[in-house]
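Student: One structure, pasted below without further comment.
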Amino acid sequence: MNIIHISAECYPIAKVGGLADVVGSLPKYLNEEGECAEVVMPKYENNWVSDHEFEEIYSGSFNYWGEVTEFSIERLKDNEFGVPIYMISIPGRFDRPGIYIDPWSSKPYWDEKERFVSFQIAALEWISNRSEKPDIIHCHDHHTGLIPFMTSQCNRYRELSQIPTVITVHNAEYQGRFDKESYKLLPAFSFDNVGLLEWDGAMNSLAAGLKTAWQITTVSKNYMTELRTESKGLEDLFKNEAAKSIGIINGIDTEVWDPAKDELLAHNFSFRNRKSGKAKNKKVLCDEFGINPDLPTIAFIGRLVREKGADLLPDLIAHFMEKKKEVNFVLLGTGDPQLHDIFERMSSDHVGFFDATLEYNEKLAHQIYAGSDFILMPSRVEPCGLNQMFAMRYGTIPIVRATGGLKDSVKDISEQDGYGICFDEFNLENAEYGINRAIDLFENQSLFNQVRSKVMKLDFSWNRSAKEYIDVYRKLIKKVG
């Protein structure tokens, strides 16, 4: 099978969240299973793109709201990924440094609609003109949610209507909502079907994808269930489309995330020398942050935003600092400017027990996974979560709120064969209880080392999940006849 993945992100080319990690890994594992997967994404103007060479393989144009828009398809040369990477260059749309946010203003780009609608049209123009058509078009999140609508409804892409489309919902918090008249940006289709684009009085890109894709997937089984009761207004739609929906939990690229080979670590280690390896990396980490390596070290890595529960952290950490609990906290991430200010003050107020690095730093993230004792994920919303999988691969025990994919991937130590610490409600009291349990576990070094051994043995690779996707693809192709 030939599967084209269309996405706004792909690690390491352009990353904001877990979407990039999935698109950077799943196609690779599909290819290892004998399929032929490719990735299509916008060509941004960032350091990664500047440092690599591309060759133009196609150029074209399309009519966009009465104006001719030119674009080109560029293929990554000297590709070390094992997956063909194609980037769509649209002058004036993506040749800027940010993916969604203008780094100068810290606000979303004003032309988000025009950027991603034109990207989706350009992708279909190229696919339509390829001599070899894909067997599956796999779309990711609302940035590509209009593609299933256009292949099924737009006259221009009628020849693509029998190619099955899959849409994976990585995060339903973001839906690509635009005014109702935005349908005029799309190639011609029967106005009788304009309702397929609409939800709650607006053109909703994600809703359009859910209605018109052949298959809906989400990134964990539990998240699929949660979307039917809480999805920012799309609850009824997820219920209506349940028959064509499935949850497949994400995996991680175990070749990239391997403490024995990770070039970003100060000290490589394996399961065999996990105790000494973790101790060496913890010392490096604690020296970096100026904290005591003899204390349990709890880390938070991620976006400082509401969905990740980052707004709970200041009061939560302050509680333990004020009670002079024997525990360290380290934090790495960017997001809400107000939280930045708070964490900077806290770093000064709690020297030796708390420190924050308020930036995107991939090298430091790897070192934190390797050197911490626990990873904290108090998320309000967590469709799948990958940080807990990365952490466990590196012998770091997760403390998580049991929601979304965290509930699917972390089993509490109170249960048989459990290996993590879970709490149910999103509030200070529950999170405090979770951290106190972690401190107690650390003080029982025999049990702590047993749990650490257990998490390092778990298999969160993409192999199993890739096979599930292949099964989905094959069932869809059978429907074509």
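Student: Just a yes or no: is a residue in segment 111-125 free of Cβ contacts under 8 Å to residues at least 12 places away in the same chain, over 25 Å from Tyr469 (Cα atoms) and part of a loop (DSSP other than H, G, I, E, B)?
Tutor: no
Student: Next up: Criterion first (hydrophobic (A, V, I, L, M, F, W, C), more than 30 Å from Gly251 (Cα to Cα) and free of Cβ contacts under 8 Å to residues at least 40 places away in the same chain) does Ile90 satisfy it?
Tutor: On the way: hydrophobic (A, V, I, L, M, F, W, C): yes; more than 30 Å from Gly251 (Cα to Cα): yes; free of Cβ contacts under 8 Å to residues at least 40 places away in the same chain: no.
So Ile90 does not fit the description; no.
Student: Here's a follow-up. Give me a count of the residues in segment 16-49 that are free of Cβ contacts under 8 Å to residues at least 60 places away in the same chain and either closer than 17 Å to Gly92 by Cα or in a loop (DSSP other than H, G, I, E, B) (or both).
Tutor: 7
Student: Is there a residue being over 26 Å from the mean Cα position of the chain (by Cα), modelled with pLDDT of 95 or more and not in a loop (DSSP other than H, G, I, E, B) anywhere in segment 302-316? If you could, list the steps in order and put the result at the bottom.
Tutor: Within segment 302-316, the subset over 26 Å from the mean Cα position of the chain (by Cα) is 315.
Applying the additional criterion that residues be modelled with pLDDT of 95 or more yields 315.
Next cut, not in a loop (DSSP other than H, G, I, E, B) only: 315.
For segment 302-316, residues over 26 Å from the mean Cα position of the chain (by Cα), modelled with pLDDT of 95 or more and not in a loop (DSSP other than H, G, I, E, B): present.
Student: When the residues of segment 238-269 are filtered to those that are surrounded by 19 or more Cβ atoms within 10 Å (Cβ to Cβ) and among the hydrophobic types (A, V, I, L, M, F, W, C), which remaining residue is nearest to Trp199 (Cα to Cα)?
Tutor: Phe238
Student: Just the residues that are in contact with a Cys (Cβ under 8 Å, 6 or more places away or on another chain) and either surrounded by 17 or more Cβ atoms within 10 Å (Cβ to Cβ) or free of Cβ contacts under 8 Å to residues at least 40 places away in the same chain (or both), please, taken from segment 274-318.
Tutor: Pro293, Thr297
Student: Just to be sure I understand, how many residues within segment 137-170 are part of a loop (DSSP other than H, G, I, E, B) and within 18 Å of Met41 (Cα to Cα)?
Tutor: Adding up the residues that qualify gives 3.
Student: Okay, next question. Looking only at residues in segment 434-463 that are of a type in the set (A, V, I, L, M) and more than 18 Å from Leu376 (Cα to Cα), which one is nearest to the chain's Cα centre (by Cα)?
Tutor: We begin by selecting, within segment 434-463, every residue of a type in the set (A, V, I, L, M); these are 435, 438-439, 441, 447, 451, 455-456, 458.
Now drop any that are not more than 18 Å from Leu376 (Cα to Cα), which leaves 447, 458.
On the way: Leu447: 32, Leu458: 21 Å.
Once the filter is applied, the top-ranked residue is Leu458.
Student: Here is a list: Ser118, Ser152, Ser106. Which entry is at positive phi and in the same structural domain as Val39 (by TED's automatic domain parsing)?
Tutor: From the options Ser118, Ser152, Ser106, the qualifying one is Ser106.
Student: Within the set of pairs 6 or more residues apart or between chains, which connect a residue that is at positive phi inside segment 405-418 to a residue that is in a loop (DSSP other than H, G, I, E, B) with Cβ atoms less than 7 Å apart?
Tutor: Going by the 7 Å Cβ cut-off, the qualifying pairs are Asp417/Lys411.
Student: Filter segment 78-87 down to residues that are in contact (Cβ under 8 Å) with a residue 12 or more places away in the chain and out of contact with any Leu (no Cβ under 8 Å at 6 or more places or on another chain) and give me whichever is nearest to Cys36 (Cα to Cα).
Tutor: Val83
Student: Being part of a strand (DSSP E or B) and exposed (fewer than 12 other Cβ atoms within 10 Å of the Cβ) is the filter here, so list the residues in segment 62-92 that pass it.
Tutor: Passing the criteria: Glu67, Val68.
Student: Can you work out which of the residues in segment 319-347 that are assigned to a helix (DSSP H, G or I) and aromatic (Phe, Trp, Tyr) is surrounded by the fewest Cβ atoms within 10 Å (Cβ to Cβ)?
Tutor: Checked segment 319-347; the qualifying residue surrounded by the fewest Cβ atoms within 10 Å (Cβ to Cβ) is Phe320.
Student: Also: Looking only at segment 276-301, count every residue that is outside any helix (DSSP H, G or I), within 29 Å of the chain's Cα centre (by Cα) and under 19 Å from Lys363 (Cα atoms) and tell me the total.
Tutor: 5
Student: Mind checking which pairs have a first residue in segment 458-481 that is closer than 25 Å to Gly420 by Cα and a second that is of a type in the set (Ser, Thr, Tyr) and assigned to a loop (DSSP other than H, G, I, E, B), Cβ under 8 Å, 6 or more apart or different chains?
Tutor: Leu458/Tyr419; Phe460/Thr254; Ser461/Thr254; Trp462/Thr254
The values are calculated or read from the model by the stated rules, or taken from the named source; none is laboratory data. In this text, all values refer to a predicted model and were calculated from it rather than measured experimentally. Positions of Cβ are backbone-derived with ideal geometry, glycine not excepted, and every protein chain shown enters the neighbour counts.
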